[in-house]
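Below you'll find the structure, written out as structure tokens, and then a few comments.
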Ligand SMILES: Nc1ncnc2c1ncn2[C@@H]1O[C@H](COP(=O)(O)OP(=O)(O)OP(=O)(O)O)[C@@H](O)[C@H]1O
Ligand SMILES: [Mg+2]
């Protein structure tokens, strides 16, 4: 930290306004970033952070406003112009070619060649030099589809560096990372600024801002609220500046009153994509009126467990009972009909049809039912009315049920999914990483909604990589390790270290 | 400043068409013909008389339907290269049912159409089933099914019991199965007298003007309704856009693939039926693919996979085909120029980025 040079302004954005139709996504925003600084952008979902950096990267063309790079005014027509001025961007959703290797992805579009023949050897050498210089360890010959999300992100960062980026934009880089990967990324960011790179980072996690950023610009509903020196403010200051009210990080809830068993999993075995056992003899029970949280390090069978519970993936053996009925082997429709709803972990892959409007996405599980359709004909007024109600209730922004889901900000996409699943009024709600990419205000809302489900006598299964969230929201915590529940503790007064030890495969004392 | 990347698909289509005609003109010039002369012959050949217009519509009808077939499949995430084969099966069915199953007209026409639609549907759903059950890519399976359809057609048509003596085709369908307007009456003395008195209608009756175009428009409206207003269209499109999310939402993606290919196949089968009952009146042995299905791919592309767009694109293509057929006899320029023009248009439409880039540079020059 503190590598920045107050005399050199790397990026200056002046009076940026971006309108989409009648919606003002950015409203006269100023942003000043010094060379060598880590500058965080903070704001609620849909505040306009991604839009602002997209303008800087030439993806959007602001309705008005000017951009200066190292003091020179630049019209960012296309990303190529931005790249030419030393700007690189790692998007909220990665843009890598899966079957290609790491090096192939990095050099794509800027291949080194000898007499028209791709010079792979030299390219690999150059990439490895960069990787060593900034501590971005990678395996150059691995295929993208075989490496972890954290590794893919390093590839994205290297890709920008390979194109000569001096100013890096990272849009929610930590939303998809595991806690360990986040620590690694912070180290990498520090290496980058040590060597004079400038970083603009978007994150909803206040702790990360405190950890890496020098300055933070807060945006609320498209308007800039303030730019603050991070060292001078606390996390709760940041939160209230961003939301405009006090935010509580604790979840208030009564003691749970568990009732009958809703979900019972016995000795479940599931294989992963590579045909290797991922869930190996897992058993658990969730009762009415309680939240069971599953804590664990990513890749210990959580995904396969959820896939099997939702009917996406076949289980090898075992038993899954919902209200006493075996649902193993049913397709997703059959499982939905047993009053099981799921908030999936990947909102763009499983959660939404991005081309569809909010309203169309809201009815995807119920479009065949009245009043949404009659005799095969969709009833649009009823669909829109229902969607409008949910959009209001869950504070989706903009509050327009005809809005195309793909144009929503990441966090608002998540809200649409949550609204849909909770309003299904299920007996069992499975929530997988339900607050990924949400701002602190929205997180508070979702946590309250989960507790409200519990209080209505529903069973909730919460699967999250964030231990804080699991401890805060759950009533009981099961720790998953290598496809099994290796220990269970009461959430009230749970000891983080003890759980952490179990997550790492230590004995369950 | 307006976002130049947001140029409408319609704009790109129109520019592509102009570019295609321009490239066609360049080539004509290059091989020694006057492009202005060629194009005016074509234009005159399309709009010069009511008869020409009627022919244009007749040419357009089957490719509007195959275009709808390709577009429908595409909207649901499938690439139906098999419109050709589905067309062949539909045409063969129409020729056989139209001849061997005598009925009163009011019943016969719908019966023939339904049989052809069913045949095309079945043919299409084979590819859908192979994809759903075994993961066979529909591009590959439909190409193979095209050839199977072709040989199946020849097998039936050339069968001694079916073949019309002295020909390589089936017997002509019965009058009751024809959708040609007033086909019997217009040749009767009454009809002849009427035609003498009304040159306008005479002009039309000199062509096999038929109800096919109306059927095609009806089909386009139906496709539009299915896609936008029904639960079926909702689920099929969801699978087309994002099958993972559709599956998660409880939509059966396997049966969706089969339904989608069945509907697409039915549309192509209908194209075959309309062509036989409205124009050829027979199914003939095929030495090679006739191309109605493949032309449907171009129509769908130019029509931006929109049903109304397909009708317009089909008319455009039909006009080029018919008007273009006149440049060879008149000025000797090769008919193949039409294929080159169409190919170029499709190429440009498939490269919207190129056109957008050209627009951006133009804008900059203007500034
Ligand atoms: N291409 C677009 N077309 C229309 N509206 C858009 C487009 N891109 C963004 N928006 C709208 O602009 C607003 C700001 O979106 P943006 O993606 O910048 O939010 P964000 O601050 O990044 O939120 P999040 O934290 O949820 O990612 C939102 O209301 C969004 O729906
Ligand atoms: Mg964003």
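Here is how the numbers come out for the structure above:
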item	result
Failed condition for residue B:130, given (1) buried (at least 18 other Cβ atoms within 10 Å of the Cβ); (2) in contact (Cβ under 8 Å) with a residue 40 or more places away in the chain; (3) more than 14 Å from residue B:264 (Cα to Cα)	(2)
Options B:177, B:220; residue that is surrounded by 18 or more Cβ atoms within 10 Å (Cβ to Cβ), within 25 Å of the chain's Cα centre (by Cα) and under 14 Å from residue B:278 (Cβ atoms)	B:177
The range A:400-414 - residue that is part of a loop (DSSP other than H, G, I, E, B) and within 18 Å of residue A:93 (Cα to Cα) and, of those, nearest to ligand 1 (Cβ to nearest atom)	A:409
Test for residue A:463: is it within 20 Å of residue A:285 (Cα to Cα), touching a residue at least 40 places away in the same chain (Cβ under 8 Å) and away from ligand 1 (no atom under 16 Å from the Cβ)	yes
Residue match in the range A:358-378 (condition: within 20 Å of residue A:312 (Cβ to Cβ) and more than 7 Å from every other protein chain (Cβ to nearest Cβ))	yes
Within the range B:226-238, tally of residues that are under 25 Å from the mean Cα position of the chain (by Cα), at the interface with chain A (Cβ under 9 Å from one of its Cβ atoms) and part of a helix (DSSP H, G or I)	6
Top-ranked residue in the range A:415-438 [being modelled with pLDDT of 90 or more and within 25 Å of residue A:222 (Cβ to Cβ); ranked as farthest from ligand 1 (Cβ to nearest atom)]	A:419
Restricting the range A:5-22 to residues that are over 18 Å from residue A:224 (Cβ atoms) and within 14 Å of ligand 1 (Cβ to nearest atom), the residue that is nearest to the other protein chains (Cβ to nearest Cβ)	A:20
Residues (assigned to a loop (DSSP other than H, G, I, E, B) and in contact with a strand residue (DSSP E or B) (Cβ under 6 Å, 6 or more places away or on another chain)) located in the range B:259-289	B:282, B:283
Within the range A:1-113, helices (runs of 4 or more DSSP H) holding 3 or more residues that are in contact with a helix residue (DSSP H, G or I) (Cβ under 6 Å, 6 or more places away or on another chain) and modelled with pLDDT under 95	A:102-107
From A:383, A:335, residue being outside any loop (DSSP other than H, G, I, E, B), in contact with a helix residue (DSSP H, G or I) (Cβ under 9 Å, 6 or more places away or on another chain) and assigned by TED's automatic domain parsing to the domain that holds residue A:434	A:335
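Table: residues versus (1) in a loop (DSSP other than H, G, I, E, B); (2) in the same structural domain as residue A:491 (by TED's automatic domain parsing); (3) away from ligand 2 (no atom under 16 Å from the Cβ).
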| site | (1), (2), (3) |
| --- | --- |
| A:389 | no, no, yes |
| A:420 | no, no, yes |
| A:431 | no, yes, yes |
| A:438 | yes, yes, no |
| A:446 | no, yes, yes |
| A:457 | yes, yes, yes |
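Per-residue answers, yes or no, for (1) away from ligand 1 (no atom under 13 Å from the Cβ); (2) in contact with a strand residue (DSSP E or B) (Cβ under 6 Å, 6 or more places away or on another chain); (3) closer than 21 Å to residue B:75 by Cβ:
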position: A:354; (1), (2), (3): no, no, yes
position: A:358; (1), (2), (3): no, no, yes
position: A:364; (1), (2), (3): yes, no, yes
position: A:378; (1), (2), (3): yes, no, yes
position: A:381; (1), (2), (3): yes, no, no
position: A:384; (1), (2), (3): yes, no, no
position: A:387; (1), (2), (3): yes, no, no
position: A:397; (1), (2), (3): no, no, no
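The values are calculated or read from the model by the stated rules, or taken from the named source; none is laboratory data. Remember, it's a predicted structure, so these values are computed and weren't measured experimentally. Note that we place each Cβ from the backbone using ideal geometry, even for glycine, and neighbour counts take in every protein chain shown.
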